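So the structure is just underneath, and the comments pick up after that.
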Amino acid sequence: MNQQTLDNPTFLEKKNWTRFTPLERTSRFLFYVVTLAAIVVSMQTIEIIPEFLIDAPEQFADMFNRMWPPDVSYYPDSIHDAMLETIHIATLGTLIAIIMAIPVGVMVAENVTQNKLLNWIARFILVSSRSINSLVWALLFVAILGPGPLAGAFAIAFRSVGFIGKLFGEALEESHKGPIEALHTTGAPWFSIMTMGYWPQVLPTFWSIVLFRWDINLRESAVLGLVGAGGIGVALSTALELFFWDRVCMVLLSMLAVVAIVELLVTQIRKRIL
Amino acid sequence: MSNAATSNGKRKYVPKRNWAGTIAYILLAAYLLYVLTLFDINLQRMYVGIDRGAEFIGRMMPPNFERYALLIEGMLESLQIAVIATTVGVILSLPVGFLAARNLMPAWVTWPARAIIVACRSFHPVIVAILFVKAVGFGALAGSMALVVASIGFISKLFAEAIEEISLKQIEAIRATGAPFSSVITYGVLPQVMGRFIGFISYQLDSNLRNSTMVGIVGAGGIGGTLFAAFQRFDYDFVSAILISIIAVIMVAEGVNNIMRKLYR
Amino acid sequence: MTQLATASEPHNQANTSGSLVLKNLVMEYVPGVPVLSGISLELEAKGITAIIGPSGTGKSTLIRCINRLVDPTSGDIFFKGQNLAKLKGRQLRYARRHIGMVFQEYNLLERLSVMENVLSGRLGYVSAFRAWLRKFSPEDIDKAFELLEQVGMADFANQRADALSGGQRQRVAIARALMQSPDILLADEPTSSLDPKTSVEILDLMTEQARLRHIPVVINIHDVSLAKRFADRIVGMSAGKVVFDGPPEDLQNDHLKTIYGGEDWLS
């Protein structure tokens with residue numbers, strides 16, 4: 001027994017058990033240092049004008065004073081139509097995104113598309129789509145298509161492709177191999193394997209991703225008007241430019257209401273289809 | 001049963017139709033057509049659009065990095081906004097998320113915490129940024145504060161959900177050893193949620209970085225302001241240089257994030 | 001204070017030696033629906049006691065009442081001169097430090113290493129801050145390694161608990177319980193998630209370690225043959241009541257019929 005314990009290498013490290021190996025500890029330590037340094041440098045160099053900061057609560061109070069009561073008459077005048085347009089932008093954008101995202105998602109899933117080059121191309125498309133903010137996409141499409149809701153819908157679509165495509169690809173990669181193998185053994189063609197093997201498996205996930213994105217898109221399409229891409233953002237930006245804070249407030253309240261309704265709707269639909 | 005009707009001793013197979021699903025698809029298609037007409041989209045407009053798009057892309061090429069000083073300055077400011085917003089956001093999210101976890105806290109604590117989360121989530125960061133620009137003036141401070149609000153809304157919610165999903169068995173085991181409450185947290189709760197927390201934080205850093213390139217459009221600091229100005233001056237070659245830089249920075253950030261997740265798996 | 005209260009109890013003399021006395025223990029999760037309806041038991045300071053009975057009859061609740069993971073509705077639990085049923089806060093924690101527990105699903109800290117899991121048995125003694133920094137005393141670490149060798153898991157010290165098999169996990173869980181230097185060991189269905197061979201190995205290990213340390217063991221177990229093989233005493237429960245209490249030799253088919261009901265399964 002004693003001889004055995006002496007031969008046992010763990011016996012030697014008895015006295016100095018530590019949670020991590022030295023390499024782990026060093027890399028963690030380095031990581032902490034880098035994080036801390038980044039925070040400190042950011043805090044020191046960021047431009048903060050103290051007078052502005054001290055003034056902030058007063059400014060906020062002033063803003064809320066000007067906002068209340070909200071200008072209700074602004075809703076039928078300008079908000080209602082713009083709000084509908086916003087919803088259309090978000091929905092159309094999501095639908096266009098679905099059409100573009102399905103092929104890209106299939107291309108990025110390594111188990112479905114066994115071609116490294118195609119995988120990489122798809123991945124590049126997805127990363128580019130997600131890296132550029134929808135507001136920036138809107139700027140691009142306003143420059144191409146001119147101001148209006150169409151630019152907004154395309155901005156939403158191009159931003160959503162990355163999101164839907166990435167999650168759709170991941171869902172495909174996580175699907176069970178069993179049914180796919182079974183279909184392969186029957187000699188089914190590629191397209192049948194897609195529609196009979198993969199699609200039924202990922203269908204609930206797919207629609208839940210789309211719903212999730214639609215929810216996000218409604219919020220995003222609300223600000224696209226700030227750069228001229230249509231929707232409620234146009235009404236907001238007009239009110240802001242003229243410093244009509246009571247109208248701004250009315251716009252914000254309407255947005256809140258729509259977001260709340262949509263959230264309820266999405267939860268209900270999700271319960272039904274999943 | 002109803003699918004297999006028997007006649008003449010032979011069974012007939014009638015595939016079951018999902019009528020609700022079919023109707024939903026038809027409605028969706030009809031809606032698509034309606035909106036396309038509403039937005040006055042037709043082939044001619046598409047044709048012109050493609051033409052203009054080609055011209056636009058032509059003007060973007062080649063990217064013009066001549067004003068790199070401006071580019072780097074804006075990019076650094078965006079990075080700073082993202083770092084500060086994530087740090088402050090996480091520090092504030094920890095208590096909010098903890099208080100919102102329904103398995104650890106009573107209802108009268110979780111409700112206010114959940115109200116804070118909903119309030120922070122209800123507006124797009126750009127709109128929050130507009131309000132902060134009004135309150136603290138143009139610049140990176142407004143952008144950072146707007147993204148702090150967005151971070152709280154997002155991370156607290158995920159924190160709370162992660163805490164609600166932990167296994168109570170491990171907590172039971174630690175309680176059975178007679179450990180004090182704080183040790184129950186550090187051994188029973190934290191190891192279960194730490195990996196996911198790190199994941200959320202790195203995700204939020206990523207998301208804040210993307211958003212920090214945008215809040216500049218409403219004057220809240222970062223590269224967005226530079227980008228917006230370049231658009232307004234039709235400097236499309238500078239625009240493409242900025243966009244390429246943003247994509248590059250975000251790809252690097254994704255790499256860093258992956259390393260971070262491996263370290264804390 | 002509780003010490004004073006219990007001093008007047010007649011069981012006290014036997015009590016300080018480490019025997020466990022349950023008096024009229026009642027537990028209701030839903031008022032009016034007792035899971036335990038008045039359990040009274042006296043367990044000696046040594047030996048293996050197996051509690052058998054059908055699922056849902058309150059075995060787990062009984063064992064969880066002893067270390068107060070579940071609070072009994074009424075009744076007393078005397079152990080080491082204290083009434084465990086009346087303890088609160090810090091005193092309860094201090095009492096728990098002397099009661100080791102092994103769970104059905106091991107309840108290991110999945111994302112932590114085997115060593116951290118064993119050391120977690122000392123959490124009742126180590127300050128929260130030191131525990132957070134993993135600053136355990138060299139004695140504790142030595143002891144943890146010793147225990148890991150005794151349960152045959154020394155080579156796994158730095159592996160994560162979620163990488164282990166069921167039998168290995170239960171070995172680590174036993175080491176964690178022994179790390180507390182307990183005065184009694186509770187085991188809640190320790191073998192229900194294990195295969196038959198591993199079950200025997202785990203029970204062997206547990207009873208051997210308990211005998212070495214001269215501490216009593218209370219095991220919930222639904223496998224009657226295992227109970228007969230390892231226990232010195234068997235307590236049969238049915239519908240929240242004790243319906244059999246005696247040495248394994250006395251346990252006959254008639255008793256099993258009362259405990260589990262029916263008889264077809266006996267043949």
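The values are calculated or read from the model by the stated rules, or taken from the named source; none is laboratory data. Remember, it's a predicted structure, so these values are computed and weren't measured experimentally. Note: ideal-geometry Cβ built from the backbone for every residue, glycine included; neighbour counts use all protein chains shown. Note: accessible area is taken over every heavy atom of the protein model, side chains too, but ligands, DNA and RNA are not part of it. Shrake-Rupley method; radii C 1.70, N 1.55, O 1.52, S 1.80 Å.
At a glance:
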{"read-out": "Inter-label distance, nm, simple model (7 Å from Cα along the C-beta direction), B:GLU55/C:LYS135", "value": "7.2"}
{"read-out": "Computed E for C:VAL30/A:GLU263 - FRET, C-beta separation, R0 45 angstrom, nearest 0.05", "value": "0.80"}
{"read-out": "Peptide A:38-45 - average C-beta neighbours from other chains (10 Å radius)", "value": "5"}
{"read-out": "Percent antiparallel among DSSP beta bridges (both partners in the protein assembly as shown, rounded to 5)", "value": "60"}
{"read-out": "Kirkwood Rh in Å, taken over segment A:142-238 so that all alpha-carbon pairs contribute", "value": "15.6"}
{"read-out": "Spacing of the two label points (7 Å from each Cα toward its C-beta) at A:PHE60 and B:LEU94, in nm", "value": "2.3"}
{"read-out": "Relative packing of A:127-133, A:149-155, C:108-114, which averages over residues the other C-beta atoms within 10 Å, highest first", "value": "A:149-155, C:108-114, A:127-133"}
{"read-out": "Exercise: per-residue mean of other protein chain Cβ atoms within 10 Å, B:245-251", "value": "3"}
{"read-out": "Rh by Kirkwood over Cα pairs, then Stokes-Einstein D for segment B:166-239 at 0.890 mPa s and 25 °C, µm²/s", "value": "155"}
{"read-out": "Net +/- balance of residues flanking A:VAL127 in space, Cβ distance below 12 Å, scoring K and R +1, D and E -1", "value": "+2"}
{"read-out": "Contact surface B-C: accessible area buried, both sides summed, square angstrom, 1.4 angstrom probe", "value": "2200"}
{"read-out": "Label zone at B:SER182, where the point sits 7 Å out along the Cα-to-Cβ direction: segment C:59-92 residues whose backbone N lies under 19 Å", "value": "C:89-92"}
{"read-out": "Cα-based convex hull, chain C, per residue volume (Å³, whole number)", "value": "139"}
{"read-out": "Segment B:22-31 - phi-based ³J(HN,Hα) in whole Hz, Karplus 6.51/-1.76/1.60, Gly and Pro as x", "value": "4, 4, 4, 5, 4, 4, 4, 5, 4, 4"}
{"read-out": "Segment B:64-214, accessible area per residue, ligands and nucleic acids excluded (1.4 Å, Å²)", "value": "38"}
{"read-out": "Area projected by the alpha carbon convex hull of chain A, averaged over all directions, nm²", "value": "26.4"}
{"read-out": "Cut-off 14 Å between beta-carbons: net charge of the residues surrounding C:ARG229, Lys and Arg +1, Asp and Glu -1", "value": "-3"}
{"read-out": "Within the accessible area of chain B (1.4 Å probe), percent carbon and sulfur", "value": "69"}
{"read-out": "Solvent exposure ordering (accessible area, 1.4 Å, most first) of C:LYS197, C:LYS135, B:LYS157", "value": "C:LYS197, C:LYS135, B:LYS157"}
{"read-out": "Kirkwood Rh in Å, taken over the protein assembly as shown so that all alpha-carbon pairs contribute", "value": "31.4"}
{"read-out": "Other protein chain Cβ atoms within 10 Å, averaged over every residue that makes up B:161-173", "value": "4"}
{"read-out": "Antiparallel %, DSSP beta bridges [both residues in chain C], to 5", "value": "55"}
{"read-out": "Alpha-carbon spread of segment B:13-60, three principal axes, descending order, Å", "value": "60, 23, 15"}
{"read-out": "Reduced Cα scattering model of segment B:57-175, Debye log10 I(q)/I(0), q = 0.09, 0.21, 0.22, 0.23 Å⁻¹", "value": "-0.39, -1.09, -1.14, -1.19"}
{"read-out": "When each of C:LYS88/C:LYS241; B:LYS169/C:LYS135; A:LYS166/B:LYS169; A:LYS177/B:LYS157 is checked by Cα-Cα distance, pairs over 31 Å", "value": "A:LYS166/B:LYS169; A:LYS177/B:LYS157"}
{"read-out": "Residue of C:ASP250, C:ASP232, C:ASP183 that the Gaussian network model of chain C assigns the largest fluctuation, springs spanning Cα pairs under 10 Å", "value": "C:ASP250"}
{"read-out": "Estimated FRET transfer efficiency when R0 is 35 angstrom, pair C:LYS257-C:GLU105 (beta carbons, to 0.05)", "value": "0.70"}
{"read-out": "Cα pair distances in chain B, grouped into 5 Å bins until the bin that holds the longest one, percent each", "value": "1, 5, 9, 10, 10, 10, 10, 10, 9, 7, 6, 4, 3, 2, 1, 0, 0, 0"}
{"read-out": "Size of the A/B contact, given as accessible area buried on both chains, probe 1.4 Å, in Å²", "value": "5500"}
{"read-out": "Accessible area per residue, Å², chain A with all protein chains present, probe 1.4 Å", "value": "53"}
{"read-out": "Theoretical ellipticity at 222 nm over chain B - DSSP helices of four or more residues, -39500 (n - 2.57) apiece, nearest 500", "value": "-25000 deg cm²/dmol"}
{"read-out": "Sorted peptide list for C:171-178, A:90-97, criterion being average Cβ within 10 angstrom, highest first", "value": "C:171-178, A:90-97"}
